[in-house]
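Data first, discussion second: the structure below is written as structure tokens.
Quick note: the coordinates plus some simple rules give every number you see, no bench work behind them. Not measured: the values here are computed from a predicted model. Glycine gets a Cβ as well: all are built from the backbone with ideal geometry, and neighbour counts include every protein chain shown.
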Number of protein chains: 2
Amino acid sequence: MAGTDQTKADVSQGENAPAIILVQPQLGENIGTASRAMLNFGLSDLRLVSPRDGWPNDRARAAASGADVVIDNARLVSRTEEAVADLDYVIATTARTRDMVKPVLTPETAAAKLREVIGSGRRAGIIFGPERTGLTNDDVVLADAVLMVPVNPAFASLNLAQAVLLIGYEWFKAADRTPAEQIDYLQTRPATKEELLGFFEHLEGELDRFGFLKPPEKRPSMVRNLRNLFQRATMTEQEVRTMRGVVAALTRRVPKGEGPEG
Amino acid sequence: MAGTDQTKADVSQGENAPAIILVQPQLGENIGTASRAMLNFGLSDLRLVSPRDGWPNDRARAAASGADVVIDNARLVSRTEEAVADLDYVIATTARTRDMVKPVLTPETAAAKLREVIGSGRRAGIIFGPERTGLTNDDVVLADAVLMVPVNPAFASLNLAQAVLLIGYEWFKAADRTPAEQIDYLQTRPATKEELLGFFEHLEGELDRFGFLKPPEKRPSMVRNLRNLFQRATMTEQEVRTMRGVVAALTRRVPKGEGPEG
């Protein structure tokens, strides 16, 4: 039975994230780019089942672009069964449906399941097949569920590292607390309504002085339109000051540098 | 003003999907892998702003792995302003925050915004900077919003094609109707409770006959445990028949091939 305390205690790394298991990967470069994609999203437990060109592999290290911690700690095994033996929950990635009755998950649902399994103290992993052929049915059978990435059916070939990337991304996203949309106000802050009104009155006062807000019966709607434009821009305090400077500069009697006032 | 009917009528492809704009991409290979990632998720309107090694580029075509439709229709321009002129809504991708007050979106929120903009008949695009340096602030200013991919802060370098891939994936997913979890019952269907009960009674009858369900006071809980196990497997009609075959085979008086019954 997988997942005994004994087995778990032997696993020193990646305890809180799923293992990535590459079955018979062909190109060292793909192992490297997959390692990089793993580390981009906080995954570091890589297991290699009989990589075609042996292990370690210089091309893998070069393509990892600095994700050495993944390469250095990769575990080499000869059979998929060995790679999954200490895991409690395994997902198999496939590009096509198989003649097997098994739950088929989207990457997003798979990530939620992985968070659930790992959150309850169990261990999980995701297996990926060789580049050209994908996983054999004998490997898929070892999994609790199948994962298929939704892609353009007319052009569906994802490479190995891209598949790892998308699943890592969903895994990371499932716990990420980045707000869906945010504005960074840097050294400034949104303008208060008082500051905004001060600017409006400054602007409108100058426009009155220059005879722009005429005839009088049109003035209310012209003012409304102008205020609405600036309102919509959700200006910062800094921007309000800038605009007041703009108005002040434009209303100087003589342009800067062209007269004694310059 | 961008987005006049005149301008829109000139755009023959990708009318219903955002344009991908690569500003001064350095490596042809990255243009190719980005093209492939685009087509994986149904994007085909590629615009190149002054690619370092010129255009067309053989390495780009090779790396596109068959996404020729994207490469063949790529539009070459010399300035970012030209690339976005016919668009109504533009998102700039960056890896770091900028000294600019602008909404910062996750890929998921960006995809929702893009669907909204394009769904209302307007045109949208996403700009990506050169591999090493990213977009200049002058390019970011052209955008309505900024997109940052949430990544492991300790290892945050995403390559160009990977950034395109993740955004394409979210774009595609935003309209994808794949169920979060499904089981394909292939040629079969879930077993009815009647079929399941037929199997239970068959199995239990044979176990009684072989004296397994003893002593009698333990029988009810033994039966419950067995039924529960098979219940949990949510068997198909086919699997129920298989299991009845298994029970029948195991209860033959003489193993197949070892006697006259074989």
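If each residue of separation counts as 0.36 nm, what is the full-extension length gain between A:ASP208 and A:SER221 once their alpha-carbon separation is subtracted? Please report the intermediate quantities before stating the final value.
Values: separation 13, 0.36 × 13 = 4.68 nm, distance 1.40 nm.
Contour length minus the Cα-Cα distance gives 3.3 nm.
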Go through the range A:58-119 and name the trypsin sites (Lys or Arg not before Pro) that are in a DSSP coil and have 13 or fewer other Cβ atoms within 10 Å of their Cβ. A:ARG79, A:ARG96
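Which of A:LEU196, B:LEU22, B:LEU114 has the fewest other C-beta atoms within 10 Å, and how do the rest follow up to the most? Please list the in-between numbers first.
Values: A:LEU196 20, B:LEU22 26, B:LEU114 23.
Ranked by crowding around the Cβ, least crowded first: A:LEU196, B:LEU114, B:LEU22.
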Inter-copy separations for B:PRO220, label at 7 Å along Cα-Cβ, nm, ascending: 8.4
Would you pull out the residues with amide H under 5 Å of A:LEU76's amide H, same chain only if 5 or more places away, H placed 1.01 Å from N? A:LEU48
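Just in the range A:154-257: which trypsin sites (Lys or Arg not before Pro) are loop by DSSP and have at most 16 other Cβ atoms within 10 Å? Provide the component values of the computation, followed by the final result.
Values: sites: A:LYS173, A:ARG177, A:LYS193, A:ARG209, A:LYS218, A:ARG224, A:ARG227, A:ARG232, A:ARG241, A:ARG244, A:ARG252, A:ARG253, A:LYS256; in loops: A:ARG177, A:ARG252, A:ARG253, A:LYS256.
Hits after loop and neighbour filter: A:ARG177, A:ARG252, A:ARG253, A:LYS256.
Please give the FRET efficiency for B:GLN238 paired with B:SER78, using the beta carbon to beta carbon distance and R0 = 60 Å, rounded to the nearest 0.05. Don't skip to the end; give the middle numbers.
Details: r = 63 Å, r/R0 = 1.05.
Efficiency, rounded to the nearest 0.05: 0.40.
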In Hz, Karplus ³J(HN,Hα) per residue of the range B:215-222 (6.51, -1.76, 1.60; θ = phi - 60°; x = Gly, Pro): x, x, 5, 8, 3, x, 6, 5
Shortest-first distances to equivalent copies, position A:ARG241, nm, label 7 Å out along Cβ: 8.1
Under the convention of a label 7 Å out along Cα→Cβ, give the distances in nm from B:ASP58 to the same position in every other copy, shortest first. 2.6
Could you tell me what a quarter of the Cα convex hull surface of the protein assembly as shown works out to, in nm² with one decimal place? 37.9 nm²
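From largest to smallest, what semi-axes in whole angstrom does chain B give when each is the square root of 5 times an eigenvalue of its alpha carbon gyration tensor? Working shown, then result.
On the way: eigenvalues 764, 83, 66 Å².
Semi-axis lengths for chain B are 62, 20, 18 Å.
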Taking +1 at the Cβ of each Lys and Arg and -1 at the Cβ of each Asp and Glu, which of A:PHE212, A:GLY245, A:LEU197 sits farthest along the dipole of the range A:193-252 towards its positive end, judged by Cα position relative to the Cα centre? A:PHE212
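Calculate the dipole size of the range A:126-196 relative to its Cα centre from +1 charges on Lys and Arg beta carbons and -1 charges on Asp and Glu beta carbons; express the result in debye to the nearest 20.
On the way: 5 positive and 10 negative charges, 24 e Å.
So the magnitude is around 120 debye.
Given the -39500 (n - 2.57) contribution per DSSP H run of 4+ residues, what per-residue ellipticity at 222 nm results for chain A, rounded to the nearest 500 deg cm²/dmol? The partial results should precede the final answer.
Numbers: 11 runs with 112 residues, N = 262.
Theoretical 222 nm ellipticity from helices: -12500 deg cm²/dmol.
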Give a residue-ordered list of calculated ³J(HN,Hα) values for the range A:184-198 (Karplus: 6.51 cos²θ - 1.76 cosθ + 1.60, θ = phi - 60°; whole Hz; x for Gly, Pro). 8, 8, 6, 7, 10, 8, x, 5, 6, 5, 4, 4, 5, 5, x
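Just to be sure I understand: of the beta bridges DSSP finds with both ends in the protein assembly as shown, what percent are antiparallel, rounded to 5? Please report the intermediate quantities before stating the final value.
Numbers: 8 of 48 bridges.
Around 15 percent of the beta bridges assigned by DSSP in the protein assembly as shown are antiparallel ones.
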Expected vector for the range B:56-61, Karplus 3J(HN,Hα) from phi with 6.51, -1.76, 1.60 and θ = phi - 60°, integer Hz, x for Gly and Pro, equals x, 9, 4, 5, 4, 4
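What number, in percent, do you get for the relative contact order of the range A:185-253 if the mean sequence gap of Cα pairs under 8 Å and at least 6 apart is divided by its residue count? Can you show the working numbers first?
Numbers: 36 pairs, mean separation 39.0, N = 69.
That works out to 56 percent.
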Exposed-site-free run, longest, chain A (rule: chymotrypsin sites (Phe, Trp or Tyr not before Pro); DSSP loop; at most 16 other C-beta within 10 Å): A:1-184
Please work out the Cα center distance from the range B:170-198 to the range A:54-118, rounded to the nearest Å. 24 Å
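Could you tell me which of rounded, prolate or oblate describes the range B:116-174, using a ≥ b ≥ c as the square roots of the eigenvalues of the alpha-carbon gyration tensor, with rounded for a/c under 1.5 and, failing that, prolate when a/b is larger than b/c and oblate otherwise?
Numbers: a/c = 2.28, a/b = 1.32, b/c = 1.72.
Verdict is oblate for the range B:116-174.
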Would you mind calculating the relative contact order of chain A from Cα pairs under 8 angstrom and at least 6 residues apart, reporting the percent as a whole number? 19 percent
Any chance you could give the angle, 0 to 90 degrees and rounded to 10, that helix B:107-119 forms with the longest Cα principal axis of chain B? 70 degrees
Which pairs break 20 Å Cα to Cα here: A:LYS173/B:LYS113; A:LYS113/B:LYS173; A:LYS102/A:LYS173? A:LYS102/A:LYS173
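Which of rounded, prolate or oblate describes the range A:193-252 when judged by the alpha-carbon gyration tensor and an a/c cut-off of 1.5?
Values: a/c = 2.50, a/b = 1.33, b/c = 1.89.
The shape class here is oblate.
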